[in-house]
Amino acid sequence: MGRHRILILGGTTEARQLADRLKGRVDCDVLLSLAGRTAEPMAQPVPVRSGGFGGAEGLAHFLRSNNFDLLIDATHPFAARISANAAIAARQTGIAAFALRRPAWERQACDRWTSVSTMADAVRALGMTSRNVFLAIGRQEAFQFEQAPQHHYLVRSVDPVTPQLKLPQARYILAAGPFDRADERRLLEDNHIDVIVAKNSGGSAIYGKIAAARDLGIEVVMVERQEAADLQSVGTLADALDRIDHLLSPEMKRGV
Ligand code: NAP
């Protein structure tokens, strides 16, 4: 019997967990794809390839030429370009596809969120008066805060922000989640943070800062998600495994 070939677009905890659940299956060959941006990527439970495909066309070509049966977009909810490419490539190739996307966080009573749509709006939402800002959005878009040099910034990212920001008052921490609520609370208190900028990423691994902000009554400027790409999506690992079983049922798979 042939094995189903599955390409997972990853770079998230969910992608790693899904790969882990699939790795022992005798009916599947799984390849996990990473963008290749992280200097020291975490170990993965299945074979990995790394680097861009060259747009939607490149991804479609990769899917066809490697005989994939299923594409799973398990990238970060803010990785909009690769998700759009995945949707186009799935349409072009006719290969089955879906997205595994963790649900967004929802505002709780006592949360002080200022919800914005873009990072530029987040910069403006900080206002003109100098504040102590915890910038917890990753490194790629941190440069946008150079537009607001009046604030003091504590910038956290997995890899260094390079080049360093043209900001007179910025300090940097390198750290990868998961982050515990009590530790996050201590970090906010020790650094006298009065506003956090975060992306509404969802999931539990980095929710600690949101819960800690609630505990301390600190404002969160929350960058909300844009409309998701044109792929059907599931929100949990269990639903993803069900979807895989359904999509790879013998009648759907060529020659199996
Ligand atoms: P993006 O803007 O959507 O993608 C930019 C380009 O990077 C894509 O067009 C693609 O290049 C390549 N790429 C992205 N993800 C890839 C993957 N899994 N495998 C192969 N190529 C990939 O993505 P991003 O926001 O820069 O995020 C990059 C990676 O970091 C993603 O895999 C994502 O899951 C992870 N991540 C992102 C965030 C975030 O906040 N954005 C947070 C945590 C983790 P080509 O067009 O050449 O194929």
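Explain nothing, just the number: relative contact order of the chain, from Cα pairs under 8 Å at least 6 residues apart, as a whole percent.
About 21 percent, as a whole number.
Percent relative contact order of the stretch 112-223, based on C-alpha pairs within less than 8 angstrom and at least six residues apart?
Values: 207 pairs, mean separation 38.3, N = 112.
It comes to 34 percent, rounded to a whole number.
What does the charge add up to near residue 217, with Lys and Arg as +1, Asp and Glu as -1, over the other residues with Cβ less than 13 Å from its Cβ?
Numbers: positive: 112, 185, 214; negative: 111, 189, 194, 215, 219.
Counting the neighbours of residue 217, the net charge comes to -2.
From the C-alpha coordinates alone, can you work out the Kirkwood hydrodynamic radius of the chain, in Å? Could the numbers behind the result be given before it?
Numbers: mean 1/r = 0.0508 Å⁻¹.
Radius from the Kirkwood sum: 19.7 Å.
Where does the charge balance sit around residue 97 when Lys and Arg score +1, Asp and Glu -1, over other residues with C-beta under 12 Å from its C-beta? All intermediate terms of the calculation are to be shown ahead of the outcome.
Numbers: positive: 91, 243; negative: 69, 73, 230.
Net local charge, residue 97 excluded: -1.
Lys and Arg at +1, Asp and Glu at -1: add these up for the other residues within a Cβ distance under 14 Å of residue 15 and post the number. Can you show the working numbers first?
Details: positive: 16, 21, 23, 49, 101, 102; negative: 14, 20, 73.
Once positives and negatives cancel, what remains is +3.
In a GNM of the chain with a 10 Å cut-off on Cα contacts, which of 192, 152, 76 has the highest mean-square fluctuation?
192
Compute for the stretch 112-223: radius of gyration divided by Kirkwood radius, i.e. Rg/Rh, restricted to C-alpha atoms, rounded to two decimals. Write down the numbers at each step before the final one.
Details: Rg = 12.7 Å, Rh = 13.8 Å.
The Rg/Rh ratio comes out at 0.92.
Within the chain, how many Lys pairs that are eight or more residues apart, or on different chains, come under 27 Å at the alpha-carbon?
Eligible lysine pairs with Cα atoms under 27 Å apart amount to 4.
Select from 138, 92, 119 the residue farthest towards the positive end of the dipole of the chain; place +1 on Cβ of Lys and Arg, -1 on Cβ of Asp and Glu, and compute about the Cα centre.
Among 138, 92, 119, the one farthest towards the positive end of the dipole of the chain is 92.
Rounding to the nearest 10 and keeping the result within 0 to 90°, find how far the Cα-based axis of helix 237-247 lies from the longest principal axis of the chain.
Relative to the chain, helix 237-247 is tipped by roughly 30 degrees.
Looking only at 39, 240, 84, which one moves most when the chain is put into a Gaussian network model with springs between Cα atoms under 10 Å?
In this elastic network of the chain, the residue with the biggest mean-square fluctuation among 39, 240, 84 is 39.
Applying a 10 Å radius around every beta-carbon, put 58-71, 153-166 in order of their mean neighbour count, most first. Can you show the working numbers first?
Values: 58-71: 18.0, 153-166: 15.9.
By packing density, highest mean first, the sequence is 58-71, 153-166.
Calculate the dipole size of the chain relative to its Cα centre from +1 charges on Lys and Arg beta carbons and -1 charges on Asp and Glu beta carbons; express the result in debye to the nearest 20.
On the way: 31 positive and 29 negative charges, 78 e Å.
It works out to roughly 380 debye.
Every read-out reported here was derived from the displayed coordinates using simple, explicitly stated rules and does not represent laboratory data. Computed from a predicted structure; not experimentally measured. All Cβ positions, glycine included, derive from the backbone under ideal geometry; neighbour counts span all protein chains shown.
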